[in-house]
1. Pairs only if they're at least six apart or on different chains, beta carbon under 8 angstrom, first in region 160-187 and free of Cβ contacts under 8 Å to residues at least 24 places away in the same chain, second part of a loop (DSSP other than H, G, I, E, B) and away from the ligand (no atom under 16 Å from the Cβ); list them, first residue then second.
2. What about Asp97, is it farther than 30 Å from Glu245 by Cβ and of a type in the set (Asp, Glu)?
3. Could you list, in sequence order, the residues of region 1-51 that are within 21 Å of Gln73 (Cα to Cα) and assigned to a helix (DSSP H, G or I)?
4. If we scan region 76-85, do we find a residue that is outside any strand (DSSP E or B) and within 16 Å of the ligand (Cβ to nearest atom)?
5. Out of Ala248, Ala269, Ala229, report the one residue that is surrounded by fewer than 23 Cβ atoms within 10 Å (Cβ to Cβ) and at pLDDT 95 or above.
6. Could you tell me which residue of region 96-116 is farthest from Lys307 (Cα to Cα), considering only residues that are surrounded by 13 or more Cβ atoms within 10 Å (Cβ to Cβ) and without any contact (Cβ under 8 Å) to a residue 60 or more places away in the chain?
7. Would you please name the residue that is nearest to the ligand (Cβ to nearest atom), looking only at residues in region 196-208 that are surrounded by 23 or more Cβ atoms within 10 Å (Cβ to Cβ) and not aromatic (Phe, Trp, Tyr)?
8. Does any residue of region 319-333 turn out to be more than 16 Å from the ligand (Cβ to nearest atom), under 22 Å from Gly181 (Cβ atoms) and either surrounded by 24 or more Cβ atoms within 10 Å (Cβ to Cβ) or not aromatic (Phe, Trp, Tyr) (or both)?
Amino acid sequence: MSSALTDLFPHPIVQAPMAGGVSVPHLAQAVSEAGGLGFLAAGYKTADGMYQEIKQLRGLTTKPFGVNLFMPQPEYADKAAVDVYAHQLAGEAAWYDTELGDPDSGRDDGYEAKLAVLLDNPVPVVSFHFGVPSSEVLESLRRAGTFTLVTATTPDEALAVERAGADAVIAQGVEAGGHQGTHRDNPETDGTSIGLLSLIAQFREAVGLPIVAAGGIMRGSQIAAALAAGASAAQLGTAFLATPESGANALHKQALTNPLFVRTELTRAFSGRPARGLVNRFLREHGPYAPAAYPEVHHLTSPVRKKAASSGDPQGMALWAGQGHRMAREMPAGQLVEVLVAELDAAATALSGGGIR
Ligand SMILES: Cc1cc2nc3c(=O)[nH]c(=O)nc-3n(C[C@H](O)[C@H](O)[C@H](O)COP(=O)(O)O)c2cc1C
């Protein structure tokens, strides 16, 4: 690991920030206490909501942790396409006895206000999704003593992250659950996302930054593979989503290993940006027609997703999950860190001792 990142936490395991109430303070606490890096997700929260979670986590542990921010989104959605999609979703709203949300409910996710909080009350690590912050922002966080990470999904994006002056880059492979952190969503590049092992190798040749590997990692042996390929640490989302500490809806947790859900797909159905989720009825019916319009589509579908969850219907929810979802283990998050470390050590020993032929 990069010295600065390794110095922060002993095991090369990062619990992915998961917006939507999944990576709650108790989950981050459990991971950080076990020697990994726990993360809070500020996405979709208010600046004050983020601050309250930070205060809560600080009351639970003195170990380092991270906070994740969404980058503000440029105005590029085709309004007419959003209207057509809203028309298509009218039946969903009627079925769940709710209204569609207002697609124009904001596109900056309170970025400036959240940054101001993080500069006033610095945290050990901040990561960014959906784009690259300015050099000034990254520099001011560095001066505040914060280590910065930015997600990238292609070597060009990794170069942009390096040029802006971040401390490390997250290599997010196509296997990853939840939203791809692509810097600018472009339907012309659909289907060109890169698998994690290849992505790590490509980043190694493109940039000199330390790499945190994300996407489909469920076992310590996969962490060993990512480290062998050149990553400094691994970021796991779906594996931690299944733990008792995660705030994910129980239906979402159960669906990960429910044989009814046979596969995942990248879809714009729920948010207007490609994100990987378990294929359910909503994804199947609407995915092919959803426009590239984030966060408009996110706002539009929000009441439907909430009502589906409260009525116990996983077929109308966004069941974000990585390709390894079937390997999810329900054990407590601290224990999961310990098991992953043991598996990582076993894989490393096998490699160095010639145990793998
Ligand atoms: C439910 C869920 C929510 C997520 N939310 C965020 C988020 O708020 N910010 C972020 O940077 N990444 C988010 N991600 C992506 C993760 O950072 C990471 O790339 C992904 O979980 C790795 O793949 P895996 O789920 O197969 O481990 C989310 C992933 C999931 C599964």
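1. Between residues of region 160-187 that are free of Cβ contacts under 8 Å to residues at least 24 places away in the same chain and residues that are part of a loop (DSSP other than H, G, I, E, B) and away from the ligand (no atom under 16 Å from the Cβ), there is no close pair.
2. When the stated conditions are applied, Asp97 passes them.
3. Ala47, Asp48, Gly49, Met50
4. So far as region 76-85 goes, no, none of its residues is outside any strand (DSSP E or B) and within 16 Å of the ligand (Cβ to nearest atom).
5. Ala229
6. Leu115
7. Here the answer is Leu196.
8. Looking for residues that are more than 16 Å from the ligand (Cβ to nearest atom), under 22 Å from Gly181 (Cβ atoms) and either surrounded by 24 or more Cβ atoms within 10 Å (Cβ to Cβ) or not aromatic (Phe, Trp, Tyr) (or both), one finds none in region 319-333, hence no.
The values are calculated or read from the model by the stated rules, or taken from the named source; none is laboratory data. Predicted, not measured: the structure shown is a model, and the values here were computed from it. Glycine also receives a Cβ, built like all others from the backbone with ideal geometry; neighbour counts cover every protein chain displayed.
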